[in-house]
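Q: I'd like to ask you about the structure that follows.
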Amino acid sequence: MTLIGVDRPGLVRSVAELVVQHGGNWLESRMSRLGGQFAGILRVEVPDDKEPALVADLRSLQKTGLNVVVHPDDTKGEIEGGRNAVLSIVGQDRPGIVRQISQALADYGVNVEDLQTECGSAAMSGETLFKATARLRIPESCDTGKIRRELEKIAEDLIVEVGFSELPIADLKG
């Protein structure tokens with residue numbers, strides 16, 4: 001399911017309570033506060049006969065300002081195999097950094113599994129500094145040397161530093 005609403009204390013608790021009330025189990029989640037908004041995506045497991053009531057109760061949270069969208073758990077779309085990598089980007093902020101990097105990755109069939117970005121003041125100059133970290137899944141058939149060269153070319157054009165390293169699956173879980 002996905003959640004979004006104005007951030008306030010107790011949002012996660014309200015969802016967790018409903019999951020437990022309906023005999024469910026919280027499996028995994030990613031949640032964050034950004035720009036005063038709370039957003040999250042999570043997976044829960046609930047007995048089949050309790051699912052309709054849980055979904056109805058979750059949707060009733062809209063009256064508290066939390067929009068909840070429930071999606072069936074469909075693992076058919078998961079990417080099997082491949083290699084894992086981590087990409088980091090640091091440099092002076094400018095429009096188009098994410099677009100150019102994500103386009104290059106998509107051109108090679110690389111899936112962005114997790115992306116975290118932020119802008120802040122550089123320590124010495126005070127200029128706006130862009131930072132990003134991405135967890136990637138690279139198809140087995142993909143030449144990582146070509147990806148690395150393409151990312152280095154983009155980094156040179158954008159005047160940013162790009163780090164790219166392959167990792168075993170165990171190093172990416174967290």
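Q: Kindly evaluate Val98 against the criterion of being surrounded by 14 or more Cβ atoms within 10 Å (Cβ to Cβ) and within 16 Å of the chain's Cα centre (by Cα).
A: Judged against the criteria, Val98 is a match.
Q: So, in segment 100-140, of the ones that are of a type in the set (S, T, N, Q) and touching a residue at least 12 places away in the same chain (Cβ under 8 Å), which residue ends up farthest from Glu161 (Cα to Cα)?
A: Initially, segment 100-140 is screened for residues of a type in the set (S, T, N, Q), giving 100, 102-103, 111, 116-117, 121, 125, 128, 133.
Cutting the leftovers down to touching a residue at least 12 places away in the same chain (Cβ under 8 Å) gives us 100, 111, 116-117, 128, 133.
Numbers: Gln100: 14, Asn111: 21, Gln116: 16, Thr117: 14, Thr128: 15, Thr133: 12 Å.
Looking at residues that are of a type in the set (S, T, N, Q) and touching a residue at least 12 places away in the same chain (Cβ under 8 Å), I get Asn111.
Q: On to the next question. Kindly indicate the residue of segment 122-167 that is of a type in the set (Ser, Thr, Tyr) and touching a strand residue (DSSP E or B) at 6+ places or on another chain (Cβ under 7 Å) and also farthest from Ala85 (Cα to Cα) among those meeting that condition.
A: Of all residues in segment 122-167, those of a type in the set (Ser, Thr, Tyr) come to 125, 128, 133, 141, 144, 165.
When the remaining residues are screened for being touching a strand residue (DSSP E or B) at 6+ places or on another chain (Cβ under 7 Å), the result is 128, 133, 144, 165.
Working: Thr128: 27, Thr133: 11, Thr144: 10, Ser165: 5 Å.
Of everything passing the filter in segment 122-167, Thr128 is farthest from Ala85 (Cα to Cα).
Q: If you take just the strands (runs of 3 or more DSSP E) that sit entirely in segment 1-85, which of them hold at least 1 residues that are under 30 Å from Gly145 (Cβ atoms)?
A: Working: elements: 2-6, 25-34, 37-45, 66-69.
In segment 1-85, no matching strands (runs of 3 or more DSSP E) lie anywhere.
Q: Name the single residue that is nearest to the chain's Cα centre (by Cα) among those in segment 1-52 being more than 17 Å from Asp74 (Cα to Cα) and among the charged types (D, E, K, R).
A: Looking at the filtered set, the residue picked out is Arg30.
Q: It is to be established whether one or more residues within segment 30-48 are in contact with a Phe, Trp or Tyr (Cβ under 9 Å, 6 or more places away or on another chain), more than 30 Å from Glu118 (Cα to Cα) and either among the basic types (Lys, Arg) or surrounded by 15 or more Cβ atoms within 10 Å (Cβ to Cβ) (or both). Step through it out loud before you land on a result.
A: Filtering segment 30-48 for residues in contact with a Phe, Trp or Tyr (Cβ under 9 Å, 6 or more places away or on another chain) gives 31-32, 42-45.
Applying the additional criterion that residues be more than 30 Å from Glu118 (Cα to Cα) yields 45.
Among the residues that remain, those that are also either among the basic types (Lys, Arg) or surrounded by 15 or more Cβ atoms within 10 Å (Cβ to Cβ) (or both) are: none.
There is no residue in segment 30-48 that is in contact with a Phe, Trp or Tyr (Cβ under 9 Å, 6 or more places away or on another chain), more than 30 Å from Glu118 (Cα to Cα) and either among the basic types (Lys, Arg) or surrounded by 15 or more Cβ atoms within 10 Å (Cβ to Cβ) (or both).
Q: Is it true that some residue in segment 59-73 is surrounded by 12 or more Cβ atoms within 10 Å (Cβ to Cβ) and without any contact (Cβ under 8 Å) to a residue 24 or more places away in the chain?
A: The answer is yes, given that some residue of segment 59-73 is surrounded by 12 or more Cβ atoms within 10 Å (Cβ to Cβ) and without any contact (Cβ under 8 Å) to a residue 24 or more places away in the chain.
Coordinate-derived values only; no laboratory data. Just so it is clear, the model here is predicted, and its values are computed rather than measured. Every residue, glycine among them, receives a Cβ derived from its backbone with ideal geometry; neighbour counts consider all protein chains shown.
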